[in-house]
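Quick notes on the structure that follows.
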Amino acid sequence: MPKIDIEKVPDVKGAGYPAPFDAPCAERLRQRLGNAGGLNDFGVNLMRLPPGNWSSQRHWHTHEDEFVYVLEGELTLVEDGGETVLRAGDCAAFPKNSGNGHHMINRAGATAVYLEAGSRSPADITYCSDIDMMSSNADGRFVHKNGTPYPER
């Protein structure tokens, strides 16, 4: 298996959500390690989340399992059932179609670093729990829950 040179994997800044939903995630950095290694069935991302930033809008997936492992720092996991602090060495799993909206917020004073992994089902639909937004893996567009598209960026 070829070694991935992490220094050469580009950073992707922000989350790509339509405004104003992009603002809480504006400074997050993602390195798509799975893409760099040529993976197709699942993704692995190295994430850097500065203080005050969110990992994403709170969401859940219909056909995608997700897993996160904290490498450095501290994050607050926010789910339907409440909040849990995650520190280096902690992990969390989010089974597909659970309906349990989740995301992480960095409320600490230093950048948190974590790995996220998820399947890449073309049938997946991501539903945002707290806002009127969803997205399909089939086209990647963000739409209202009634299917009306958000303006293109």
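Observations on the structure shown:
- Evaluated against (1) over 12 Å from the mean Cα position of the chain (by Cα); (2) of a type outside the set (V, I, T); (3) farther than 23 Å from C128 by Cβ, L46 falls short on exactly one condition, (1).
- Among the residues of region 5-26, those identified as more than 24 Å from M134 (Cβ to Cβ) and not β-branched (V, I, T) are D5, E7, K8, P10, D11.
- Residue check, R58 out of contact with any Phe, Trp or Tyr (no Cβ under 9 Å at 6 or more places or on another chain), under 17 Å from Y17 (Cα atoms) and either modelled with pLDDT of 95 or more or buried (at least 17 other Cβ atoms within 10 Å of the Cβ) (or both): yes
- Criterion applied to G38, G89, G16 was being in a loop (DSSP other than H, G, I, E, B) and without any contact (Cβ under 8 Å) to a residue 12 or more places away in the chain, and the one residue passing it is G38.
- Looking across region 103-133, the residues that are of a type outside the set (D, E), within 18 Å of F42 (Cβ to Cβ) and under 17 Å from the mean Cα position of the chain (by Cα) come down to Y114, L115, A117, G118, S119, R120, S121, P122, I125, T126.
- Subset of region 42-55 that is touching an Asp or Glu at 6+ places or on another chain (Cβ under 7 Å) and assigned to a strand (DSSP E or B) - its residue that is surrounded by the most Cβ atoms within 10 Å (Cβ to Cβ): M47
- Filtering region 64-86 to residues that are under 21 Å from D132 (Cβ atoms) and part of a loop (DSSP other than H, G, I, E, B) leaves E64, D80.
The values are calculated or read from the model by the stated rules, or taken from the named source; none is laboratory data. All values derive from a computational prediction rather than experimental measurement. All Cβ positions, glycine included, derive from the backbone under ideal geometry; neighbour counts span all protein chains shown.
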